[in-house]
Amino acid sequence: MDVVGLGTFAMDILQKVNKLPREDDFCMIEDREYLPGGSGTNVISQVAKLGGTSAYIGKVGEDEVGKQIIASLDDENIDSSHMVISPNGTSIYTEIIIDREGKKFIMLNMGDVAASLTADEVDYTVVENTDVYFTDLFPKDAAIEGLKKAKEAGKTTVVNLQTGLESMESLGCTKDNILDALKYIDVFSPCFNGVMDITGIKNKEEIGKAKDFFRQYFSGTLLFTLGSDGAAAFDKADRQIFVEAKKVNAVDTTGAGDSFLGGFIYSYFTEGKALEEAMDFATFCAAYTCTGIGARYAPNKAQLKQFMESYEV
């Protein structure tokens with residue numbers, strides 16, 4: 001395998017509304033759609049769509065949502081044979097409310113099995129035989145054990161922090177857990193809310209201070225996603241690289257950061273591109289995802305090539 005992922009996944013129920021409501025206000029539902037999602041599987045889906053071989057590890061119930069999650073992995077040529085199935089479990093799903101401008105909020109129903117995956121239930125041989133192990137640290141114990149197994153086997157590890165610290169803590173992963181795991185990580189890619197929560201910086205102009213904070217624990221590559229402001233990285237020599245986000249008429253920004261990271265992993269590790277080139281490639285993946293509905297509206301190689309060729313600044 002090029003990449004094996006262990007982390008978040010879900011079935012997304014997308015509801016398109018006329019506006020995001022304020023407190024005590026309401027909105028009108030204009031459309032409703034069921035789509036596979038979950039940040040971790042979105043990242044691996046982008047890798048697979050670009051041609052990378054991949055597998056995913058997680059735990060679902062033997063319910064309709066769980067069956068759809070497994071089927072969605074199979075449909076995208078992601079090996080689902082290492083997924084753990086709980087006969088009487090309730091699978092995880094999200095409800096995503098999106099307005100006409102692509103702004104959103106997300107409600108998560110955890111079910112009762114996704115967070116219960118233990119290290120004892122995971123077959124880590126697939127991790128030990130992959131090129132890259134990717135996780136977003138959910139569930140914490142199984143994910144971190146995967147990092148240890150991967151490093152013992154001499155494999156590359158990539159970790160994404162997709163939310164702020166409060167959400168991570170609600171999923172059972174504390175700031176100390178994250179900092180302790182950094183010694184097993186080659187590329188650490190936190191969202192900016194996570195960066196602020198962990199380091200205490202207040203704005204994107206202080207990104208250098210965030211780098212200095214993480215260097216107390218970590219000597220690998222830092223890859224900070226900055227939303228519409230693009231992305232910034234610090235390589236092992238602390239050379240700073242910045243790439244701008246590509247400007248598009250956004251329909252739905254759900255999954256853009258996941259497509260960015262999946263595109264980066266494919267370009268940087270599978271194709272062996274330089275760091276800046278891989279980051280720029282990844283911004284095109286993210287921009288493409290913003291032009292359609294759903295977290296899995298990510299490009300395959302032919303679609304991305306056409307998009308890049310037709311893109312105008």
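Coordinate-derived values only; no laboratory data. Quantities reported herein were computed from a predicted structural model and do not represent experimental measurements. Glycine also receives a Cβ, built like all others from the backbone with ideal geometry; neighbour counts cover every protein chain displayed.
Here are some notes:
- Simple Cβ-charge dipole of the chain, Lys/Arg +1 and Asp/Glu -1, about Cα centre, in debye nearest 20: 700 debye
- Across K103/K140; K140/K247; K16/K236; K19/K202; K59/K247; K148/K305, pairs whose alpha-carbon gap is larger than 31 Å: K140/K247; K16/K236; K59/K247; K148/K305
- Normalising the average separation of contacting C-alpha pairs (under 8 angstrom, six or more residues apart) by the number of residues puts the relative contact order of the chain at 17 percent.
- At least 27 Å along the helix axis (C-alpha) and Kyte average at least 0.5, DSSP helices within the chain: none
- Selection of chymotrypsin sites (Phe, Trp or Tyr not before Pro), segment 221-313, meeting DSSP coil and at most 15 other Cβ within 10 Å: Y311
- Working note: Cα atoms of the chain, range along each principal axis, descending, whole Å: 51, 49, 41.
- Both radii were evaluated on the Cα set of segment 78-222; the Rg over Rh quotient, with Rh as the Kirkwood radius, amounts to 0.99.
- Rounded Å value of the spacing that divides the Cα centres of segment 231-294 and segment 57-89: 28 Å
- In segment 26-110, chymotrypsin sites (Phe, Trp or Tyr not before Pro) in a DSSP loop with at most 11 other beta-carbon atoms within 10 Å: F26
- Gyration tensor verdict on segment 25-97 (Cα atoms; rounded if a/c is under 1.5, prolate if a/b is larger than b/c, oblate otherwise): oblate
- Simple spin-label estimate for A274 and Y34 in nanometres, 7 Å along Cα-Cβ: 4.8 nm
- Radius 14 Å from Cβ of R22, net charge of other residues (Lys, Arg +1; Asp, Glu -1): -2
- Annotation: amide H of G5 within the under-5 Å range of A55, Y56, I57, F134, sequence separation 5 or more or interchain, hydrogens built in the peptide plane.
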